[in-house]
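In what follows, a single structure is set out as structure tokens and then discussed.
The values are calculated or read from the model by the stated rules, or taken from the named source; none is laboratory data. All of these numbers come straight from a predicted model, not from anything done at the bench. Neighbour counts run over all protein chains shown; Cβ positions are idealised from the backbone, glycine included. Heavy atoms of the whole protein, side chains included, go into the accessibility calculation; ligands, DNA and RNA do not. Shrake-Rupley method; radii C 1.70, N 1.55, O 1.52, S 1.80 Å.
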Amino acid sequence: GVTQTRTATLSIRPAQNYETTIKAGYDSKPTTLDSDRNIFEQLASKSVSASSSPFLLATGLTDYLASYPHGCTEQIVSQTFPWVALAASSRFETIAPEDKINAVISMLQTRQLGDGGFSLWPASSYTNTFASLYAVHFLTELKKSTTHPIPKSLYDGGMDYLRKVARQSSASMSAARLRALAIYLLVRNDEVATNYLIDLHTQLQKNFKGWEKDILSTYMAASFQLLKKEDSAAKLVNGFDLSATSGYTDFQSDLTMNAQYVYLISTHFPTIELDVKKDIMPLLKPIMQGKLTTISAAYTVLALSAYSQRNEAKYGTDSVEFYTVGNQKVALPISESKPFPKSKLPLPAGKVAVESESPFFYQLVQSGYDKNVHSKPLAKGIEIYKEYLNEKGDSVSEAKQGDELEVVIKVRLTEKSFMSNIVLIDLLPGGFEVLRESVPRDNGEWQSDYVDVREDRVVFYAGFGDRVTELRYKVKATASGEFTVPAASAASMYDPEVMAHTAASRMKVQSAGTH
């Protein structure tokens, strides 16, 4: 007789999303940190690092960006942009990762529209101004600091788009800010954009009060400086005052403006001394409070990189020690000393101590799938509700193999009338599959920016309002057993304060043969 063996594999995913969290701070005395996440060992990592240089925090931010799971144009550019800046730094001795850069370039080629700008999501016909300027900024840095080839049509289209934004008159402060950025990028690409600058300056003087305190004045100062008009630059360069800035948008928050200020001053004004307390600490505060977004993380790495390249000599060598804290202190071996002293931590939850001879910045980075599922619902600025309905329309927690159930998700904002750039993630229980054609792109009144249907989840990217939006689609029970129903979640991708999730629950599926 002949014996044949066959191997079948099944991927198993925990009932939570993969997440990277950062705890960071600054101290002059020994400090103890809680390595508090209880995570599965697969794909998990925990590490602690410290240094007298604020540049340390760039490493945690790149970890956060690397594991960020969503993919609008800004987010994909943000994941790779910092590496281009770090490659130019003596501290990192790294080369910008070719595969990541190639992936960004091919993504930009598929999303470039007729006007040379870029859409925020695949298959969209709408140009997003900020994401387009940001993408061209990435291409500009790539051209200036690496030898990586950039497709001519991609680059030329981007330049055409810059000229279009640079000559538009601005109806609002946030539009004027985008215009100032476009002009700056034209100048960085060796175009004499003096006329655009003068026209913008005239318009600001006429229509906007207090514009000198906005970040756009720093962009204009940098443009004048590059055009060798030092007197005009000097008049504008000291104006920026974050507390006086208004007209925030998702991409232009106080975090990103702070970082852009440090980046521009460090890059273009070598005689201006930035103050750690006044200029650098506000930049690091959001990281220390865990309030990160992709755009603020990327700009902060650019800022820290530019600032540190100028100030690295100030920080000297690091004499840092790490310990696990239990019944007794046990020294942790330093697993890496470059670019900064770092120790890998054991995965079980516990406490870790950091000691140094001089004041130090520190960070604890934890990545992985949490073991504990959400046992209670959460609602901060947004609410989400989910149930499964059978063919009669009854809410159920039991089904039979082969049954089709309707998923009903309801979402509404509780503190604002509308917010764009919300991500809604519905993870499926094991043993269920999505009926793809049932997933809505819109429901008549509401429309998504993009919907990503994967084998284990449905992800909606969209704006939501304070009236209930109801989304319905169908799933099919393909295996019998008792399954965890993961929490469904909704969160703003640009306001870390706005988030909600349902409580995890159970779903029982009987095999098709049982009655």
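Quick notes on this structure:
- Taken over segment 244-284, the criterion of being open to solvent by 50 Å² or more (accessible area, probe 1.4 Å), over 24 Å from the mean Cα position of the chain (by Cα) and not aliphatic (A, V, I, L, M) is satisfied by Pro270, Thr271, Glu273, Asp275, Lys277, Lys278.
- Candidates Ala353, Ala313 - the one that is among the aliphatic types (A, V, I, L, M) and part of a helix (DSSP H, G or I): Ala313
- Yes/no for Tyr248 being among the aromatic types (Phe, Trp, Tyr) and under 26 Å from Thr294 (Cβ atoms): yes
- In this structure, Ser53 does not satisfy being at pLDDT 90 or above and under 30 Å from Ser124 (Cα atoms).
- Any chance Arg472 is open to solvent by 40 Å² or more (accessible area, probe 1.4 Å) and either under 19 Å from Ser397 (Cα atoms) or in contact (Cβ under 8 Å) with a residue 60 or more places away in the chain (or both): yes
- Listed by position, the strands (runs of 3 or more DSSP E) enclosed by segment 358-415 that each have at least 3 residues that are of a type in the set (A, V, I, L, M, F, W, C) and within 21 Å of Ala477 (Cα to Cα) are 404-413.
- Checked against the criterion of being open to solvent by 60 Å² or more (accessible area, probe 1.4 Å), of a type in the set (D, E, K, R) and part of a loop (DSSP other than H, G, I, E, B), the candidates Arg506, Arg467 yield just one match: Arg467.
- Residue ranges of helices (runs of 4 or more DSSP H) in segment 47-145 with at least 2 members open to solvent by 20 Å² or more (accessible area, probe 1.4 Å) and under 30 Å from Val354 (Cα atoms): 57-66, 73-87
- Checked against the criterion of being in a helix (DSSP H, G or I), of a type outside the set (D, E, K, R) and within 29 Å of the chain's Cα centre (by Cα), segment 223-233 contains one or more residues that satisfy it.
- Any hit, segment 485-496, residues being assigned to a strand (DSSP E or B), out of contact with any Asp or Glu (no Cβ under 6 Å at 6 or more places or on another chain) and open to solvent by 40 Å² or more (accessible area, probe 1.4 Å): no
- Selection within segment 331-375: residues that are surrounded by 17 or more Cβ atoms within 10 Å (Cβ to Cβ) and small (Gly, Ala, Ser). The member of this set that is farthest from Lys23 (Cα to Cα) is Ser356.
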